[in-house]
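To start, the structure under review is shown below, and the notes come after it.
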Amino acid sequence: MVSRTAGSPLTQPSHHHCRLFVGRMRAKAEVAEKLRVNAMILIHLKSPFYSLLCPCCENYIETVEHCIMSCEDALSVWEMIFAWWGMGSVNVFTIKDLFNHTGGLGVDKVSRKLWNAVLRVAGYSIWKHRNDRVFKGITVNIVRLFQDIQLKSYEWINRRSDSLRFEWEKWIVRPQRCGFVQDGAGDN
C-alpha cells in the first residue's frame, strides 16, 4: 500500500495535472455555453411566447449592452438625459464608454459625481423598464421613464449627501449647476 504523506508526488498536483484541469474546465465552459444557446433556441422553437429578441424593440438579439445602450427605448432615454445635461447628442456605444464620458463637465468633482449618480439611476431604471415589460407586461411611456429618472436621481442624491442640497426646480432645469449649490445656498 502506498502512503500519502504531505509533499509526496501523489498529493501534489503536477504542472501537467494543472494544465489538464484548466483544459477540461475550458472545454466544459465551451460545452456549457453551447448547451445554453441550444437550450434558448429550443425554448424559442417550442414556445411561441419566448423570443431571443429584445422585448422592447424586437429588432435585435437581447444582450445587456443592447438593452441598456442601443435599444430604441434606451437610446431615446439617453438622448433626453444628454439634452437635459446640455451635452448634445449621445455618442457613446458601450456601458463602459458611458461611464467614462464626461460630457464636457470639466474637472468639477461634484458635477461629475452628480452625473455618475444620474447614470446609475438611468441604467437601473432602463433595466427595470425592460423587466416590467417582460415579466409584468407593462409598457412605460419613455417620457415618463425619463421623468422618473430625474426624480429618483434627485431624491437619491439629496438623501445620500450630507453637504449637498439643491431645489427640485434647479435640478430639472440645470442639473450640472447643482454641484455649485451647497448647504442650501442659492445659485442665481
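Determine, yes or no, whether S51 is among the polar types (S, T, N, Q), at pLDDT below 85 and within 24 Å of K113 (Cα to Cα). Outline the logic, then answer.
Details: among the polar types (S, T, N, Q): yes; at pLDDT below 85: yes; within 24 Å of K113 (Cα to Cα): no.
No: the conditions fail for S51.
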Original post:
In the list R159, R165, R133, which residue meets the criterion of being more than 21 Å from S89 (Cα to Cα), in contact with a Pro (Cβ under 6 Å, 6 or more places away or on another chain) and of a type in the set (D, E, K, R)?
Top reply: R133
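The values are calculated or read from the model by the stated rules, or taken from the named source; none is laboratory data. Because the structure is predicted, anything quoted here is derived from the model rather than measured. Counting neighbours? That spans all protein chains shown, and the Cβs are built from the backbone with ideal geometry, glycine included.
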